[in-house]
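Heads up: the structure comes next, in structure tokens.
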Amino acid sequence: MAPETWFGRVRSLDVRLLAGAAATLLLIIGVMWVVPTTPSSNNFTFDTARRGISDARAIELSKPVEGNIVDGSDMDFYRIDPLQSSYRLDVHMMNGSAKLVPGLRIFDATKSLIQDKTLEYVRKPGADIDCSFLAESNITYYVQVFSQRNTTGRYTLTVTVRQP
């Protein structure tokens, strides 16, 4: 025999259905309560795309540039403008954090990988990275600095010309 009253019908429903409906209501009420009281609730914007190789910052030779990796998906790109003749370039990344496990890659103008200094070379937090490569004349090169193992921290990057 089916329950005749409203309360009887509710009691005969599956408990999981009631729990799901109650959780949904609590979530909606919680969001409606919290979001309008946040400091930036009136000017919400989505994060812009992270910088890529096409947005690389120009770096001057022999001039240190400071950077910061803020999360595990963050990466910084730097552009080395073409030189008039072929030189050997030395890239030095000085780690400014005891937690950052850095990675460094060098690309040419066609975005082909020239060097890769990742976990095979850099395994411990706080390590610096040094590498060297022969830069051909009239070719732009890119340096990518990133973190490994979802680490964060500050660094200083310096690219110098090694005289023959």
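Summary table below
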| read-out | value |
| --- | --- |
| Qualifying residue in segment 121-139 (condition: under 21 Å from Gly52 (Cβ atoms), over 21 Å from the mean Cα position of the chain (by Cα) and assigned by TED's automatic domain parsing to the domain that holds Leu83) | yes |
| Residues (surrounded by fewer than 17 Cβ atoms within 10 Å (Cβ to Cβ) and under 18 Å from the mean Cα position of the chain (by Cα)) located in segment 82-97 | Gly96 |
| Check on Ile114, in contact (Cβ under 8 Å) with a residue 40 or more places away in the chain, over 17 Å from Ile69 (Cβ atoms) and in contact with a Phe, Trp or Tyr (Cβ under 6 Å, 6 or more places away or on another chain) | no |
| Selection within segment 116-132 - in a strand (DSSP E or B), closer than 16 Å to Thr158 by Cβ and not aliphatic (A, V, I, L, M) | Lys117, Asp130, Cys131, Ser132 |
| Residues of segment 90-113 satisfying the condition of being hydrophobic (A, V, I, L, M, F, W, C) and either part of a loop (DSSP other than H, G, I, E, B) or within 14 Å of Ile129 (Cβ to Cβ) (or both) | Val91, Met93, Met94, Ala98, Leu100, Val101, Leu104, Ile106, Ala109 |
| Pairs where the first residue, in segment 123-136, is among the β-branched types (Val, Ile, Thr) and the second is surrounded by 14 or more Cβ atoms within 10 Å (Cβ to Cβ), C-beta under 7 Å, 6+ apart | Ile129/Met93; Ile129/Pro102; Ile129/Leu104; Ile129/Lys117; Ile129/Val122 |
| Counted residues, segment 140-160 - those being within 11 Å of the chain's Cα centre (by Cα) and of a type in the set (A, V, I, L, M, F, W, C) | 2 |
| Residue match in segment 67-80 (condition: modelled with pLDDT of 95 or more, part of a loop (DSSP other than H, G, I, E, B), surrounded by 10 or more Cβ atoms within 10 Å (Cβ to Cβ) and assigned by TED's automatic domain parsing to the domain that holds Ile139) | no |
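The values are calculated or read from the model by the stated rules, or taken from the named source; none is laboratory data. Computed from a predicted model, the values in this text were never measured in an experiment. Cβ sites come from the backbone with ideal geometry, for glycine too, and all protein chains shown count toward neighbours.
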